[in-house]
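Data first, discussion second: the structure below is written as structure tokens.
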Amino acid sequence: MRLAPFMALPAVLREFGQEPQGILASVGLSLELIADTDTIVPFATVDRLLQQCRDLTGCEYFGLLVGQRVSLSSLGVVGFAMKSAENVATALATLSRYRTLHDQSALITVEFRGNMASLRYALMRNAYNAPEQIYDCAVAIGCCLLRGLCGPAWKPEKVVLSRERPALLAPYEKFFRSPLVFDSEWSGLEFHSRWLSVAPVGADPLLYRHMLREVRELNDAARDTAVDLISSLRLLLYTRQCKQDEAAALLGVNCRTLRRQLQSAGTTFRGELETARFARARA
């Protein structure tokens, strides 16, 4: 995971009277590393860091405090591409498609139900020390990104978190300004689909094409796109039932591309679906 979204973490620690140097050092990090927007660390390191911060500050919503200080600019070239996109739908599709430039341990999708849309975040596995901090942080980041695209007055119709209800709700109510749902099967933000056609303040088609070209080059250099696509498909099928065309749409590719990548990996959509069903049953 890229540490850029966590640049505000030392400041949050100091607000609780904690010096960040020792806490960062305990997980193999430093102030210099966390201030470098290009630093990439194992996701387990971020998990341990958020656990340490939660335990030492006694703040059960520490991840929420960190996530709410993230902006589109925190995502570097991906964030700038999102800001220049023609509409929110394109911006979110860019985030979902190129999420691995920042986070290789989770799936980000935009899903639809009637006239409602949802921006969802799902971890690729459950064996983490502080999953509630990760989800709090991720959903808060999603809210900040949508406010950056739609304007500061934007708020979701519903905030959904796959964590148990916290003892203190006030910080969540103050930041999200929306109804909260806990103990859910998924984490994310539900909002009216009309927001998807809104043009961000910085919408610029020419700039978007330029930024998207840079994003693609970075993505091609950093990842094996075929491996990434198949691992994303496996997570998607583990978390929900869907058909091949639905899966391709959620992953931002067409059915032909998905089928070709599966074939080159020696597998099929049906085979992956059966494997996911067995994994769910075993779990």
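The values are calculated or read from the model by the stated rules, or taken from the named source; none is laboratory data. Here the structure is a predicted model, which means the values were calculated and not measured. Quick reminder, even Gly has a Cβ in these numbers, built from the backbone with ideal geometry, and neighbours come from all protein chains shown. SASA here: full protein model, heavy atoms, side chains in, ligands and nucleic acids out. Shrake-Rupley method; radii C 1.70, N 1.55, O 1.52, S 1.80 Å.
Key figures for this structure:
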read-out	value
Cα long-axis angle, helix 131-150 against the chain (0 to 90 degrees, to the nearest 10)	80 degrees
Accessible area, probe 1.4 Å, largest first, for residues Met7, Met82	Met7, Met82
Lysines with Cα under 29 Å of Lys155, excluding same-chain neighbours fewer than 8 positions away	Lys83, Lys174
Contact order relative to length of segment 1-48, as percent, for alpha carbon pairs under 8 angstrom and 6 or more apart	55 percent
Gyration tensor (alpha-carbon) shape descriptor, segment 42-98, a/c threshold 1.5	prolate
In order through segment 265-272: 3J(HN,Hα) via Karplus (6.51 cos²θ - 1.76 cosθ + 1.60), integer Hz, x for Gly, Pro	8, x, 9, 9, 4, 4, x, 5
Amide H contacts of Met116 (H built 1.01 Å from N, under 5 Å, at least 5 apart or other chain)	Ser193
Residues of the chain: accessible area per residue with a 1.4 Å probe, Å²	47 Å²
Protein-only accessible surface order, largest first, of Leu180, Leu206, Leu64 at 1.4 Å	Leu206, Leu180, Leu64
Placed amide H near Lys158: partners under 5 Å, 5+ positions off or other chain	Glu190
Taking the chain and dividing mean pair separation by its residue count, relative contact order in percent (alpha carbons under 8 Å, at least six apart)	19 percent
Within the accessible area of segment 124-283 (1.4 Å probe), percent carbon and sulfur	52 percent
Within-15-Å neighbourhood charge of Tyr61 [Cβ basis; K, R +1; D, E -1]	-2
